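Every number here is computed from the coordinates shown, using simple stated rules; none is lab data. What you see is a predicted model, and the numbers here were worked out from it, not measured in a lab. Every residue, glycine among them, receives a Cβ derived from its backbone with ideal geometry; neighbour counts consider all protein chains shown.
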Amino acid sequence: MNITSKLASSTHHTNSSKALSVLALAVMGVFCGAAPAWAAPILGSAQSFAVLAASTVTNTGSTTLWGDLGLFPGTSYTPGSTGVTQTGSVHLADGVAQQAKSDARKTYNALASLSATSDLSSVGLDFYNSSSNALAPGVYSFSSSALLTGGLYLDAQNNTDALWVFQIGSALTTLSGSSVNLLNGVSGADYGLYWQVGTSATLGTSTAFAGNILADQSVTLNTTATMLCGRAIALNGAVTMDSNTISNDCLNGNINGPTDYGSVGFSGNPGGVVTVPEPATLALMGLGLAGLGFTRRRLVCA
């Protein structure tokens, strides 16, 4: 299953077929608004960032970041004087931050446009609170807010291309000590885990979060909350930190504990390949893409 496929499989069927791969290619215009270039990740230039905001980035206490920090159009952040230890670059209201914000907005809009495989508004995240009742890959929607009070378990089912997208109408909130846990992952996988948040996201004290938060407004991490495999992206507001650890790549960040199985912070298809049928197969499928002739190309959102 690829992030750009609008025809998502059921929550209990995650093996990507060739047909789905072609459909993923066919809807690339939805994600990128232009012909794809074949080497970039779905997040585009935002993939290199651990923290990306619009207005301000603030920090209290001692925070560790693995990845870039960006701010556009705001400039309210002073590197080296905020208690932040960072492996990566700082981009304040420059062209790099501007492009990353633009790419992140494209990803946000694309995630919001996907057809949900299930509406969890009445079920909630807390229902999937054990390894025996873990949530299979899929696109999950919430009509308004989403709340996590304990452990959320996600089951990759030993596949290499599992994708979870959570479309949240308003706020995402986690209570103290909450966690996001991925089970049955495979080394060298191409997993995507995205939280498309309609307003703001708030992670409670000591939350152990995973995945990429793309919030229309702000992202707040309370004391000692962690995002060990993911990113905090606030498209119109601030990212507020307090003694946190955020890593956009578990492997290269030398993070102890959770793993993203090589998927670069659950950023989905970060250089992996998508198998696309040959032109003759495309013609038989009647998708009108026979002339493309693409085989095993890297899927992109440039």
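Packing here is the average count of other Cβ atoms within 10 Å per residue, and on that basis the peptides 112-118, 154-160, 238-244, highest first, run 238-244, 154-160, 112-118. Between the amide H of Val139 and those of Thr117, Ser118, Val165, distances stay under 5 Å, these residues lying 5 or more places away or on another chain, with hydrogens modeled in the peptide plane.
Karplus-derived 3J(HN,Hα) values for the range 106-123, using 6.51 cos²θ - 1.76 cosθ + 1.60 with θ = phi - 60°, are 4, 5, 4, 4, 5, 4, 5, 7, 5, 6, 6, 7, 7, 9, 9, 4, 8, 8 Hz; glycine and proline are entered as x.
Summarising the amide proton neighbourhood of Thr64: residues at separation of 5 or more, or on other chains, whose placed amide H is nearer than 5 Å comprise Thr85, Asn244, Thr245, Ile246. Mean separation of Cα pairs under 8 Å and 6 or more residues apart, divided by the residue count, gives the range 18-247 a relative contact order of 19 percent. With Cα atoms as the point set, the radius of gyration and Dmax of the range 18-247 evaluate to 16.9, 52 Å. Hull volume per residue, based on the alpha-carbon atoms of the range 41-82 and their convex hull, is 74 Å³. With a cut-off of 16 Å on the backbone N, the residues of the range 134-152 near the modelled label site 7 Å out from Ser121 along Cα-Cβ are 140-147.
According to the square roots a ≥ b ≥ c of the eigenvalues of the Cα gyration tensor, what is the shape class of the range 181-225, taking rounded for a/c under 1.5, prolate for a/b larger than b/c otherwise, and oblate for the remainder? Oblate shape, in that a/c is at least 1.5 and b/c is the bigger or equal ratio.
For the range 32-149, the alpha carbon convex hull comes to 173 Å³ per residue, rounded to a whole number.
When Arg231, Arg105 are arranged by Cβ crowding within 10 Å, least crowded first, meaning fewest neighbours, the order is Arg105, Arg231.
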